[in-house]
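Each reported figure results from applying straightforward, stated rules to the coordinates on display, with no laboratory input. If you're wondering where the values come from, they're calculated on a predicted model, not measured in any experiment. Reconstructed Cβ throughout: ideal geometry from the backbone, glycine too, with neighbour counts over all protein chains shown.
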């Protein structure tokens, strides 16, 4: 099997999309429904995503509201949001849970930036691992006589260009997220 550039690109871009998801869960002082995306609630004898037991809306720039479908789950949802360690204090009001988004302290902002940098580095590593897989496949193809040494050089260079492009996108996404966190 020789390295298929479009397949490598798809895998690298998948890592970039995952980074985007991770970043959307980092709190920046503005309310975003994606903040609660990773919250799971103990309900119906299992651990279910919050979006299956309630609807998350953003009624104000610094407030989230969760309208719970089943009133008996309100306390479980409050408990799950609190346990998610997002630095918010949910308050139940009937079948609606209000989640005010407090200002971020300077210390909390620095912690969030560290987390963002960790996510970015994990993404860079994932992209480089895809590059390595592609290069290994090319070397094997060359060794097996399926491609020439010139072809090996040309395609290795293509993979490197692709890797550089995607690592640059990771760096841009990180810079943008850091700016957003510092607000």
Using the count of nearby Cβ atoms within 10 Å as a rough guide to exposure, how do 34, 141 rank from fewest to most? 34, 141
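Multiply the residue gap between residue 62 and residue 164 by 0.36 nm, knock off their C-alpha separation, and tell me the result in nm, one decimal place. Can you show the working numbers first?
Numbers: separation 102, 0.36 × 102 = 36.72 nm, distance 3.74 nm.
Stretched fully, the residue 62-residue 164 segment lengthens by 33.0 nm.
At R0 = 45 Å, how high is the FRET efficiency between residue 149 and residue 71 if r is their beta carbon distance? Nearest 0.05 is fine.
Working: r = 70 Å, r/R0 = 1.56.
After rounding to 0.05, the efficiency reads 0.05.
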Could you give me the radius of gyration and the Dmax of the range 112-183, taking only the C-alpha atoms into account and expressing both in angstrom? 16.4, 56
Based on the mean of other Cβ atoms within 10 Å per residue, sort peptides 10-17, 44-51 so the most packed one is first. 10-17, 44-51
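With only alpha-carbon pairs counted, each pair once and no self-pairs, how large is the Kirkwood hydrodynamic radius of the range 44-106 in angstroms?
On the way: mean 1/r = 0.0827 Å⁻¹.
Radius from the Kirkwood sum: 12.1 Å.
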Over the C-alpha atoms of the chain, what are the Rg and the largest Cα-to-Cα span, Dmax, in Å? 21.9, 71
Using alpha carbon centroids, what distance separates the range 107-149 and the range 21-54, in Å? 29 Å
Return, ordered by residue number, the residues of the range 40-64 whose backbone nitrogen is under 20 Å from a label point located 7 Å along Cα→Cβ of residue 93. 54-64
